[in-house]
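The values are calculated or read from the model by the stated rules, or taken from the named source; none is laboratory data. Keep in mind that what you see is a predicted model, and the values were worked out from it rather than measured. Glycine also receives a Cβ, built like all others from the backbone with ideal geometry; neighbour counts cover every protein chain displayed. Side chains included, ligands, DNA and RNA excluded: accessible areas come from the protein's heavy atoms. Shrake-Rupley method; radii C 1.70, N 1.55, O 1.52, S 1.80 Å.
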Amino acid sequence: MDTVRVRFAPSPTGFLHVGGARTALFNWLLARQKHGVFVLRIEDTDMARSTEASLEGILEGMRFLGMDWDEGPDKGGDFGPYFQSQRLHLYKEYADQLLQSERAYECFCTSEELNAMREEARAEKRDPKYDGRCRHLSADEREAKRAAGLTSVLRFATDYDGQTTVDDRIRGLVAFDNRQLDDFVIFKTDGMPTYNFAVVVDDALMQISHVIRGEDHLSNTPKQIQIYEALGFAVPQFAHIPMILGPDKTRLSKRHGATSVTQFRDEGYLQEAMVNYLALLGWGYDDSQTVFAPSELIEKFALERVSKNPAVFDLKKLEWLNGVYLRDLDLPTLTAAALPFFQRAGLVDESPTTEQTARVERVLETLQPRLKRLDEIEVSASYFFQDVVEYEEKAARKGLLKGSAQEILTFLAKHLNTVSTFDEPTLKPVFAAAMEQFDCKLGDVMQPVRVAVTGTNSSPSMYEVLPILGREVTVQRIQNAVTFITVKQEEES
RNA sequence: GCCCCCAUCGUCUAGUGGCCUAGGACACCGCCCUUUCACGGCGAAGGCAGGGGUUCAAAUCCCCUUGGGGGUACCA
């Protein structure tokens, strides 16, 4: 079998978004599974919108997801260059070939003319297509227009007879009537080729075997097939994968919140979780499995199993999956992944000491079962590193300003000061004593302590939290809470 | 407008004519575990868009309607 050569061809006009990443992923998975080649090609022919920053963002996103490319920027390869802006001579060459064979022609129409043409067509309820008026200009007429200083574009001389059929790996045979097409532009006045032309020249020259891309490209495929044929190129296999939608069922965009891959990384999503979730968007394996490690995806991915219908991006499921992967991490790995988030939150120094790192590790051990995103750390781990300066209103009301909380805390502050070590075996008797003394349930003594030391009413077990904080801090925070209660009570009366 | 694609629980999906009284996962709800919050366990609720065919038999095949998405650029 021939080598599988696939490509991801983003245009550097924004960040790598979820949709693009999913397209890249399907290409990458196929390449890796078939021991083929994954090409990254930058489609930067839109001079006005392409930026260097976007390119960097896209590469960063690709790296974050672990999708390495065999040919492309930073890598080179035998089919370069991999920036369309550097392949102009190639597009020129093939455009000339079309000119020679009269499958392309110069068009001198201005945009005003074109607009008028479309308006008129609409008014007469005809399709707003280019009418081919420059197609049969004589050599003399073209010369005259050039002499008059008119600029021109190159248009493809479309074949209007019959149908063009796309043989799609996912959708089967899709037929288009050629009369639907028009003589589309292949070279712009700015000297750049248009997408529909450049993509064909590149995919053919780069010997791409499978063109896997979003369904939004399906309707343009017949145009491209006509170019392949006019140029005598072999037509690759096509696979148009479904779109990704927002919760409102419209195409996913910034309006729907985070859609940039690097933003997800910054919010504390793991590479594996992200890749797993993206794979699930439009692909499924069987009736039982949803968690797939990257290596498993490479093994099990199949174009045949890609769904035909658009998928709604479900942040909740991504979060759940991220939690699954977070819980699966061993402590050193989790610590390495989470440290930047502690630093960003100002909980530890930029160059943490070994004691700090050890503490972070201990904290993570207790937090791990409830972690969904790493950026939650800023909130859920703060009390391990910083004083509790205020209590959540609800937590204070239910945990401190109720029942005998003040007496219980006073009792605890006194007795916790006497225990030798500070761990579950030594702590337990103290809480038991408090329960007996105040004739109450364990929760009645734990909740006040929890609020006192964390400021909230949700945290890991006190038997885990207290040893990490140590006796001094614990007792201090309990005393602070007692003072707080006293002040509140005075305010009341 | 015209063309193309699509249509199973709220969401992602399994299902390729009988195995379907339609399976799983997330979310939701309830219960258990429990010092809170999570985690975990158990359970409930929830779907074949509608209408016609074909067939002994249809979620599965065909047609229509409806709905959604995409294309129709000198964007990609």
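A few comments on the model shown:
- Verdict on A:Leu99 being outside any loop (DSSP other than H, G, I, E, B), in the same structural domain as A:Ala234 (by TED's automatic domain parsing), over 36 Å from the mean Cα position of the chain (by Cα) and farther than 30 Å from A:Val306 by Cβ: yes
- The C-beta contact set for region A:363-382 (first residue closer than 11 Å to A:Ala338 by Cβ and not assigned by TED's automatic domain parsing to the domain that holds A:Gln271, second residue basic (Lys, Arg) and open to solvent by 40 Å² or more (accessible area, probe 1.4 Å), distance under 7 angstrom, 6+ apart or interchain) comprises A:Gln368/A:Arg327.
- In region A:307-334, the qualifying residues are those that are in a loop (DSSP other than H, G, I, E, B) and under 30 Å from A:Ala239 (Cβ atoms), and the one that is farthest from RNA strand B (Cβ to nearest atom) is A:Phe313.
- Evaluating A:Ala48 against the criteria (1) closer than 23 Å to A:Leu297 by Cβ; (2) in a loop (DSSP other than H, G, I, E, B); (3) without any contact (Cβ under 8 Å) to a residue 40 or more places away in the chain leaves one unmet condition, (1).
- Among residues of region A:464-493 that are not assigned by TED's automatic domain parsing to the domain that holds A:Gln368, those with a Cβ under 7 angstrom from a residue that is surrounded by fewer than 16 Cβ atoms within 10 Å (Cβ to Cβ), sequence gap 6+ or separate chain, pair up as A:Pro467/A:Asp423; A:Val475/A:Asn417.
- Taking the conditions (1) open to solvent by less than 50 Å² (accessible area, probe 1.4 Å); (2) of a type outside the set (D, E, K, R); (3) within 16 Å of RNA strand B (Cβ to nearest atom) in turn, A:Met47 satisfies each one other than (1).
- Members of region A:172-190 found to be at pLDDT below 95, near RNA strand B (Cβ under 8 Å from one of its atoms) and in a loop (DSSP other than H, G, I, E, B), listed by number: A:Asp182, A:Lys188, A:Thr189, A:Asp190
- Tallying residues that are open to solvent by less than 40 Å² (accessible area, probe 1.4 Å) and under 14 Å from A:Asn322 (Cα atoms) within region A:348-374 yields 3.
- Checking each residue in region A:302-326 for being in contact with a strand residue (DSSP E or B) (Cβ under 7 Å, 6 or more places away or on another chain) and open to solvent by less than 30 Å² (accessible area, probe 1.4 Å) picks out A:Leu303, A:Val306, A:Ala311, A:Phe313.
- One residue stands out among those in region A:211-226 that are more than 8 Å from RNA strand B (Cβ to nearest atom) and hydrophobic (A, V, I, L, M, F, W, C): the one that is farthest from A:Gln163 (Cα to Cα), which is A:Ile212.
- Put simply, of A:Lys75, A:Lys145, A:Lys129 the only residue that is open to solvent by less than 80 Å² (accessible area, probe 1.4 Å) and touching a Phe, Trp or Tyr at 6+ places or on another chain (Cβ under 7 Å) is A:Lys145.
- Scanning region A:375-393 for residues that are open to solvent by less than 90 Å² (accessible area, probe 1.4 Å), of a type outside the set (Val, Ile, Thr) and within 31 Å of the chain's Cα centre (by Cα) turns up A:Asp375, A:Glu376, A:Ser380, A:Ala381, A:Ser382.
- Residue among A:Glu296, A:Glu304 that alone is assigned to a helix (DSSP H, G or I), away from RNA strand B (no atom under 14 Å from the Cβ) and in the same structural domain as A:Leu29 (by TED's automatic domain parsing): A:Glu296
- In region A:45-56 there is at least one residue matching the filter, namely being closer than 30 Å to A:Asp183 by Cα and either among the hydrophobic types (A, V, I, L, M, F, W, C) or touching a His at 6+ places or on another chain (Cβ under 8 Å) (or both).
To keep it simple, each residue is scored yes or no on (1) of a type in the set (Val, Ile, Thr); (2) assigned to a helix (DSSP H, G or I); (3) closer than 30 Å to A:Asp159 by Cα.
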site: A:Asp44; (1), (2), (3): no, no, yes
site: A:Leu59; (1), (2), (3): no, yes, no
site: A:Pro81; (1), (2), (3): no, no, no
site: A:Tyr91; (1), (2), (3): no, yes, yes
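- Checking A:Arg63, A:Arg22, A:Arg32 one by one, the residue that is free of Cβ contacts under 8 Å to residues at least 12 places away in the same chain and either among the charged types (D, E, K, R) or in a loop (DSSP other than H, G, I, E, B) (or both) is A:Arg63 and no other.
- Helices (runs of 4 or more DSSP H) within region A:396-493 that include 1 or more residues of a type in the set (Lys, Arg), buried (at least 19 other Cβ atoms within 10 Å of the Cβ) and at pLDDT 90 or above: A:442-454, A:471-492
- Region A:327-345, subset open to solvent by 60 Å² or more (accessible area, probe 1.4 Å) and over 20 Å from A:Pro369 (Cβ atoms), residue farthest from the chain's Cα centre (by Cα): A:Arg344
- Single condition A:Leu270 does not satisfy, out of (1) in contact with a Phe, Trp or Tyr (Cβ under 8 Å, 6 or more places away or on another chain); (2) closer than 21 Å to A:Ile212 by Cβ: (2)
- Members of region A:191-210 found to be more than 8 Å from RNA strand B (Cβ to nearest atom) and touching a residue at least 40 places away in the same chain (Cβ under 8 Å), listed by number: A:Gly191, A:Phe197, A:Val201, A:Asp202, A:Asp203, A:Leu205, A:Met206, A:Gln207, A:Ile208, A:Ser209, A:His210
- When residues of region A:218-260 are limited to those that are open to solvent by less than 40 Å² (accessible area, probe 1.4 Å) and of a type in the set (Val, Ile, Thr), the one farthest from A:Leu65 (Cα to Cα): A:Ile227
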